[in-house]
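Below is one structure, written out as structure tokens; comments come after it.
FYI, it's all coordinate maths here, none of it is from the lab. All values derive from a computational prediction rather than experimental measurement. No Cβ is skipped: glycine too gets one built from the backbone with ideal geometry, and neighbour counts run over all protein chains shown.
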Amino acid sequence: MKITKAVKAILSNYESDNPGTKANLARILMQGQLGGTGKLIILPVDQGFEHGPARSFAVNEPAYDPHYHFQIAIDAGLSAYAAPLGMIEAGADTFAGQIPTILKVNSSNSWATSINQAVTGTVDDALRLGCSAIGFTIYPGADDVFDMMEEIREMSAEAKSVGIATVIWSYPRGGNLSKDGELALDVGAYAAHMAALLGAHIIKVKLPTAHIEQKDAQKAYEKLDSSTQAKRVAHVVKSCFNGRRIVVFSGGAAKGADAVYQDARDIRDGGGNGSIIGRNTFQRPRDEAMAMLGKLVNIYKGKE
Amino acid sequence: MKITKAVKAILSNYESDNPGTKANLARILMQGQLGGTGKLIILPVDQGFEHGPARSFAVNEPAYDPHYHFQIAIDAGLSAYAAPLGMIEAGADTFAGQIPTILKVNSSNSWATSINQAVTGTVDDALRLGCSAIGFTIYPGADDVFDMMEEIREMSAEAKSVGIATVIWSYPRGGNLSKDGELALDVGAYAAHMAALLGAHIIKVKLPTAHIEQKDAQKAYEKLDSSTQAKRVAHVVKSCFNGRRIVVFSGGAAKGADAVYQDARDIRDGGGNGSIIGRNTFQRPRDEAMAMLGKLVNIYKGKE
Amino acid sequence: MKITKAVKAILSNYESDNPGTKANLARILMQGQLGGTGKLIILPVDQGFEHGPARSFAVNEPAYDPHYHFQIAIDAGLSAYAAPLGMIEAGADTFAGQIPTILKVNSSNSWATSINQAVTGTVDDALRLGCSAIGFTIYPGADDVFDMMEEIREMSAEAKSVGIATVIWSYPRGGNLSKDGELALDVGAYAAHMAALLGAHIIKVKLPTAHIEQKDAQKAYEKLDSSTQAKRVAHVVKSCFNGRRIVVFSGGAAKGADAVYQDARDIRDGGGNGSIIGRNTFQRPRDEAMAMLGKLVNIYKGKE
Amino acid sequence: MKITKAVKAILSNYESDNPGTKANLARILMQGQLGGTGKLIILPVDQGFEHGPARSFAVNEPAYDPHYHFQIAIDAGLSAYAAPLGMIEAGADTFAGQIPTILKVNSSNSWATSINQAVTGTVDDALRLGCSAIGFTIYPGADDVFDMMEEIREMSAEAKSVGIATVIWSYPRGGNLSKDGELALDVGAYAAHMAALLGAHIIKVKLPTAHIEQKDAQKAYEKLDSSTQAKRVAHVVKSCFNGRRIVVFSGGAAKGADAVYQDARDIRDGGGNGSIIGRNTFQRPRDEAMAMLGKLVNIYKGKE
Amino acid sequence: MKITKAVKAILSNYESDNPGTKANLARILMQGQLGGTGKLIILPVDQGFEHGPARSFAVNEPAYDPHYHFQIAIDAGLSAYAAPLGMIEAGADTFAGQIPTILKVNSSNSWATSINQAVTGTVDDALRLGCSAIGFTIYPGADDVFDMMEEIREMSAEAKSVGIATVIWSYPRGGNLSKDGELALDVGAYAAHMAALLGAHIIKVKLPTAHIEQKDAQKAYEKLDSSTQAKRVAHVVKSCFNGRRIVVFSGGAAKGADAVYQDARDIRDGGGNGSIIGRNTFQRPRDEAMAMLGKLVNIYKGKE
């Protein structure tokens, strides 16, 4: 596996990391159909925790089986597979060495009464299960965000010392943020920036709207052209250390295929590194999902 | 690097510290254009965390890049560069050994619903990244201040044992303090004194106004001439163990160059050790910033 | 340094303590002008934390300097000097071995919004700084008193294992206590007793008034003659294991010299072990303070 | 206890030590009849371990009692008392705070089949027993000397971190050293130097003869005038960082009083810091011992 | 301190190291007269341990004082000062921040009966004393070499995690090596290579002769032109990862100045990084030593 120039350039931005951590980032960046392009598609399956099994899997019953997701990620040539502890444990042996895995180490659920998550995995778990990274969600804006930041701070320091990469899901929620504000451009860029400041290697945020939530930020956005989604993606990428960190965008709730493709084109055109796409994958029949993923790969390769 | 008498005199005030910690203080005091004078200018870039990336950097786009700040601190001959974890990680290798760094180990953000900060870095991070000091903010007056004090107490003890210096940002906020009170002379002097009592090596406070906030303190200030900013600086310095601790003052929000220069002259004339100047640096075009920093250096050298 | 019978008798009351802790108690009891008498005068300088620097030191400017307090404690032949971390660090090397020091390991401040203190020092600090004891304040009656008790319990256990003595400042405040109640005889005796029960070697309380605060305690005090301050002191001393623990009384706010002397005579006549006298010392010009301390020494020696 | 200039000058040589360690050195240097002179006499009673009780104490039966030695050290106004664990434990409470103690933490015995010692005490013991220092013997030249050096290295690091001083007994023995060589000037100076390099605060060696043992060292000694014992002492002191470390000399086997006095005069005149004198003290009747110690004090004071 | 291209190129070879360790290497490479050239001169003063004080210092008496060596290293503009614990402790505060120090953490002595060294310092010592590196000697060929390798392996791993660099003195001795063999070219190159393999950042070896010691290696050296010292230096440098590690050569016993200069020219011409020169410095009068060091600096700068 010779590293391409594109990947080499990305890795060189992680200048304080040890070779073990870089090797795990390289594994993700060199994996599958997009290996070597500097682009990536990650399959996350934590919706069972977030929304319950039936809401997540009933529409496509094979998806109840953890092996299903490993297999589709491998078969579609994706870059990595992310899931909570139990899901990884249920397939880590069968698929050992076949695809980089990201252990989602905190999780919420539909009945949560606070805007927070439980820490449900450890760096030791990641090591014993052969994971390339840990994944962690923070909710900037929430009352408990300082606690969440301290949790990932501690886990990320441990992970870095043993060569495991860190992925932060940064989802603004709670506190004084309005519902629209959660997807606002200024909020999304700020949330991404905080993940970068916390030491994340890969930052996952939602695609932002053109809304500006914070009054104090209005002026800073006056001159910024945010009329297209690609331009908004570009602003988020710039907010992550001027592009020195990998940024991937989530697809959100299941939606029409064309919308999914357009999002990917916008991410690509705005300089984002790729998609993290869960429900839009596993809530479709396998054939459809495979076709969609194939097309997404082509989009990131610049062929469509 | 032969230590000057001015620096030797300052170091001798840290009489309980081990030689490792003193060496790191010496590195800061001997660095750059002001090296050896006993004066210092620190560049802090934690506004991305505090106010978000666009509000911080949109006005001067190159500032989105973490390397920009390392480079300007080096090129302008400043004394040290202070930033949160991600910012330091993004440049610590490229600029290793070129300028002392201060790892800001706690951080707040614009959406915080409590007057507190998250601990986002550790002493181990400071060691692996080659930092000379850790930086920590306390909010005297806030409901959570005891927790914040206990956090820095623990981190500072660890830092001192491994030869890392401690910088405390002491910013009165919250509780029963009025908005005017946050900048009051009595409040600023008290906040600085608490930082000294907590064992800080370098104390960072805001330039105080002539307002006296606390009724119980009125009498104590009756005889104090606080009519000029330099005299108020002198009172804050006196409140830090009669000048036995290094005290630097922040420039606050971006403002006119003349005001920045006057602040520096007042800090100098009042016996303060220097400025910690962030937004007034990186929110200007690089040429302007370099010119301003050059002039500030001259002011501290007594040439202007 | 041959221990006197008076000191020997006091030390024999600490029968569960290891020789290291007793040696530190002996150092305090054998130090200075009162060395060997079983009486002691402690200089505490934590008012900078409690009330701010100007309210504490502006009336006597040299007192801004930490060395000033070490020096006056030594020159006046006092028994020990107590202060928070930064104050001790600022002089511990210069005055190493010259006077026993007590590291005040928790501290409050004028802006606190809860009746509690921050832990600002550790037993490890006490060891590296050569302190003979740690000092800790509890606020019996306050909502947070159980937390404070648990903190000192933990620190005191550690201190005892390494030969460091424990001084507890027991100041009733908060909860259902009235303002008058804070100084009530029953309350003061009860607070002193709780400090003894927590394992304190030296107990510091305020001089009590004749007021009885607790209805349930009225009956118990019916037959007690508390008409003079000396008799009230005697009751507090009796409440500390019938005199088996060292009890010192605070002088409170700065006041007239005659009142200070009368307090000392009452403490002496009531069988108290001495005074802990801060503001009444350092808020006077040095000459006056030295004269006052000299007279206090004579009072405790029974000469005045 | 105001430190004298002589003691202050000595303490300033221990520039890397924390105030706790300096305070314990100060306690030794300010204790007893020689307190403040910069000279010291230490009473060591480890001969019971080395030679057995009868050989050590039968000649003066009260010396079987551990209290006897504490008492004589106090009554004669000596600087410190050094002994193994059991001896210290047997009197540490009775004499707490009366005289600085040095816990001898390794010991040999007459039946040893290797030239080594057992580690028989710990830094924790020193803390709980209120000792000011640990004492440790190394045998430079012995096959096991590297092990011994590593033992004291580890214990001394721990001791320094908690404010306990380190005394090293450096006694050349074994290996290729001849019997005469053990007392040779070059060997003694080298042994003292090694103790200094290991980080000892106080170095204890034997008074050297004029013999030069090492062929390779002959040339270096050609120009050195070693004709008198005082000159040889001066050379040993110079070998301990040019006098930056405290050096005391042992009296060796019991001998005539005049020889003991002459040794002390030579130590004094050569710039040594004092005597460590065991058998010559406790193997004499108490009256004689007290008289001898009184005379030694006078010698070190320059009165005889 | 802007890093030069030469230094940047060297630092880039330490690609697995964290920024803290690189910063310490940078400090050494940017220090003094040779700062920025990629060349360095280190002053080592461990001969007191190795040969005793008189053989080391009698020829130049001021050298008995530890401060003498710090001062000459600073005044002559050398790159670093290396010494055992006691020597560093005796000056670390006075010279804090003035010159990078290397704590020699193992030491032998003239009376050793095995070919080994005692571990006499720790990484914690290096941190508290502000050292940039630890130094460790291995004796390839000796019976105990595996133990020595395991000791430095453990210490070096700890040092790297906290940003401290590692210097290995690799001195072939013992076992089946002949006396001539200790300086043989094949042996020296092999010893240097083992130090590199053990993870050393800086490798210190002796200048090799043209002798080939190992029969099995004869063939490999047949075609190598080792006729000049510069060519032999080049072979050793090549053996250290083709020049990817810093290699310095020792001057050996004190000798004529011309020989010292020729050695330096050969090291320079062979691509070595510099000299580690002890006895040839401190065994000369200070003026002579300063003149010699000045000339050596010029040689490494290519001026002589």
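Express in whole angstrom the spacing between the alpha-carbon centres of segment E:98-135 and segment A:257-304.
59 Å
Per-residue mean of other chain beta-carbon atoms within 10 angstrom of the beta-carbon, peptide A:220-229? Provide the component values of the computation, followed by the final result.
Values: counts 9, 3, 1, 2, 2, 0, 0, 0, 0, 0.
If you average over the peptide's residues, the count of other-chain Cβ atoms is 2.
If one computes the Cα centroid of segment C:159-175 and of segment E:154-226, what distance in Å separates the two points?
60 Å
Let me know the charge dipole size of segment E:5-300 about its Cα centre in debye, to the nearest 20, where only the beta-carbon of Lys, Arg (+1) and Asp, Glu (-1) is charged. All intermediate terms of the calculation are to be shown ahead of the outcome.
Working: 29 positive and 31 negative charges, 212 e Å.
About 1020 debye.
Which whole-number percent is the relative contact order of segment B:5-300 (Cα, under 8 Å, 6+ apart)? Mind dumping the intermediate values first?
Values: 606 pairs, mean separation 51.8, N = 296.
RCO, segment B:5-300: 17 percent.
Excluding same-chain pairs closer than 8 in sequence, count the lysine pairs in segment B:1-119 whose Cα atoms lie under 19 Å apart.
Values: B:LYS2/B:LYS22; B:LYS2/B:LYS39; B:LYS5/B:LYS22; B:LYS5/B:LYS39; B:LYS8/B:LYS22; B:LYS8/B:LYS39; B:LYS22/B:LYS39.
Total qualifying Lys-Lys pairs in segment B:1-119 comes to 7.
About its Cα centre, how strong a charge dipole does segment D:1-152 have in debye, to the nearest 20, once Lys and Arg get +1 and Asp and Glu get -1 at the Cβ? Can you show the working numbers first?
Details: 9 positive and 16 negative charges, 182 e Å.
Dipole size: approximately 880 debye.
Would you mind listing the distances between the E:GLY294 label point and the same position in each other copy? Use 7 Å along Cα-to-C-beta, nm, one decimal, shortest first.
Values, ascending and in nm: 3.5, 6.0, 6.3, 8.0.
Partner chain Cβ atoms within 10 Å, averaged over the residues of B:55-67 - can you pull that number for me?
Numbers: counts 9, 4, 5, 11, 3, 0, 2, 1, 1, 10, 5, 7, 4.
The shielding value for this peptide is 5.
Taking the dipole about the Cα centre of segment E:5-300, with the C-beta of Lys and Arg at +1 and of Asp and Glu at -1, give me whichever of E:PHE57, E:ILE212, E:PRO140 is farthest to the positive side.
So the residue we want is E:ILE212.
Taking springs between alpha-carbon atoms closer than 10 angstrom, which of E:VAL162, E:VAL59, E:VAL237 fluctuates most in the Gaussian network model of chain E?
Result: E:VAL59 has the largest fluctuation of those listed.
With point charges of +1 on the Cβ of Lys and Arg and -1 on the Cβ of Asp and Glu, referenced to the Cα centre of segment D:5-300, which listed residue (D:GLY97, D:GLN262, D:LEU293) lies farthest in the positive direction of the dipole?
Sorting the options by dipole projection puts first D:GLN262.
Quick one: Debye curve from the C-alpha atoms of the protein assembly as shown, no solvent, what's log10 I(q)/I(0) at q = 0.05, 0.06 Å⁻¹?
For the requested q values the scattering log ratios are -0.45, -0.66.
How big is segment E:5-300 on each of its three principal axes, counting only the C-alpha atoms and giving the largest first in Å?
54, 47, 41
How do E:ILE276, B:ILE41 rank when sorted from fewest to most other Cβ atoms within 10 Å of their own Cβ?
On the way: E:ILE276 24, B:ILE41 27.
Ascending number of Cβ neighbours within 10 Å: E:ILE276, B:ILE41.
Dipole size in debye (nearest 20) for the protein assembly as shown around its Cα centre, Lys and Arg Cβ +1, Asp and Glu Cβ -1? Write down the numbers at each step before the final one.
Values: 160 positive and 160 negative charges, 745 e Å.
Dipole magnitude for the protein assembly as shown comes out near 3580 debye.
Measure up B:LYS204/B:LYS301; A:LYS206/A:LYS231; C:LYS204/C:LYS295 against 18 Å on the Cα-Cα distance and list the ones that go over.
On the way: B:LYS204/B:LYS301 20 Å; A:LYS206/A:LYS231 14 Å; C:LYS204/C:LYS295 21 Å.
Going by Cα-Cα distance, B:LYS204/B:LYS301; C:LYS204/C:LYS295 fall outside the 18 Å limit.
Only loop residues by DSSP count here, and only those with at most 16 other Cβ atoms within 10 Å; note down the trypsin sites (Lys or Arg not before Pro) in segment D:111-196 that meet that. Don't skip to the answer; put the middle values down first.
Numbers: sites: D:ARG128, D:ARG153, D:LYS160, D:ARG173, D:LYS179; in loops: D:ARG173, D:LYS179.
Hits after loop and neighbour filter: D:LYS179.
Return the calculated 222 nm mean residue ellipticity for chain E, to the nearest 500 deg cm²/dmol, obtained by summing -39500 (n - 2.57) across DSSP H runs with n ≥ 4 and dividing by the residue count. Don't jump to the answer; show the numbers that get you there.
Details: 14 runs with 130 residues, N = 304.
So the helix-based figure for chain E works out to -12000 deg cm²/dmol.
Given a Förster distance of 45 angstrom, what is the FRET efficiency for D:ALA112 paired with C:ALA6, based on the Cβ-Cβ distance and rounded to 0.05? The partial results should precede the final answer.
On the way: r = 47 Å, r/R0 = 1.04.
According to the calculation, E is roughly 0.45.
Hey, how much of the P(r) for segment E:117-214 falls beyond 21 Å, as a percent of Cα pairs? Could the numbers behind the result be given before it?
Working: 1572 of 4753 pairs.
Result for the distance tail: 33 percent.
To the nearest whole number, what is the average tally of beta carbon atoms from other chains within 10 Å of the beta carbons of peptide D:18-31? If you can, show how the numbers build up before the last one.
On the way: counts 12, 16, 12, 4, 7, 14, 3, 2, 5, 6, 1, 1, 3, 1.
Per-residue shielding by partner chains comes out at 6.
Based on the alpha carbon coordinates of segment B:248-304, what radius of gyration and maximum Cα-Cα distance (Dmax) apply, in Å?
Final numbers for Rg and Dmax: 10.4, 30 Å.
For chain D, set up a Gaussian network in which alpha carbons nearer than 10 Å are linked by springs, and say which option among D:ASN60, D:ASN280, D:ASN24 fluctuates the most.
Its mean-square fluctuation being the largest, the pick is D:ASN60.
What spacing in nm lies between the two simple spin-label points modelled at E:ALA291 and A:ASP147, each 7 Å away from Cα in the Cβ direction?
Distance between label points: 7.4 nm.
Gaussian network model of chain D, Cα springs within a sub-10 Å range: biggest mean-square fluctuation belongs to which of D:LEU198, D:LEU103, D:LEU43?
Highest fluctuation among the options: D:LEU198.
Provide the percentage of antiparallel DSSP beta bridges, counting only those with both residues in chain D; round to the nearest 5. Numbers along the way, then the final one.
Details: 2 of 32 bridges.
Taking every DSSP beta bridge within chain D, about 5 percent pair in antiparallel fashion.
Taking all pairs of distinct Cα atoms, average 1/r, flip it, and tell me the Kirkwood hydrodynamic radius of segment B:188-227 in Å to one decimal place.
Numbers: mean 1/r = 0.0869 Å⁻¹.
Averaging 1/r across every pair of different Cα atoms and inverting gives 11.5 Å.
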